[in-house]
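Asks: I have a structure here, written as structure tokens, and I will follow up with some questions on it.
Computed from the coordinates by the stated procedures, all read-outs in this text should not be read as laboratory data. Just so we're clear, the structure is a prediction, and the values are computed from it rather than from any experiment. We place every Cβ from the backbone using ideal geometry, glycine too, and count neighbours over all the protein chains shown.
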Amino acid sequence: MAKRLIPTLNRVLVEKIVPPAKTSAGILLPEKTNKLNSGTVVAVGPGARDKSGNTIPVSVKEGDTVLLPEYGGTEVKLGDKEYHIYRDEEILGTLHD
């Protein structure tokens, strides 16, 4: 049975994108070439509340590819997969093709 984690407030659940360790031709890539720290948004919380009680929505949505800070976030393991939880304001931006 798979569990689904729904973040609270303005938190975002992200599955980090692991860059390939070698090319399709079998050439091993050095670790430094794989430095882009990005992930796919799996789930988002409903948003934070301001002083008036109004909900401030999260700026990303499920399925977005986001740029993540080098450090931070909370690691969560669900089943055999690893995820990270970030606050909305910690996410550096979204990546588009």
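Asks: Label-point separation (nm) for E15 and K61, each offset 7 Å from Cα along Cα-to-Cβ?
Replies: About 1.9 nm separates the two model spin labels.
Asks: Further question: Going through segment 38-84, which trypsin sites (Lys or Arg not before Pro) have at most 12 other Cβ atoms within 10 Å and a DSSP loop state?
Replies: Taking segment 38-84 and a limit of 12 other Cβ atoms within 10 Å, the loop trypsin sites (Lys or Arg not before Pro) found are K51, K61.
Asks: What distance in nm lies between label points placed 7 Å from Cα along the C-beta direction at E89 and Y71?
Replies: 1.9 nm
Asks: Taking amide H positions as placed in the peptide plane 1.01 Å from N, state which residues far from L95 in sequence (5 or more) or on other chains have amide H under 5 Å from it.
Replies: When sequence neighbours closer than 5 places are left aside, the close amide H contacts are T65, V66, L67.
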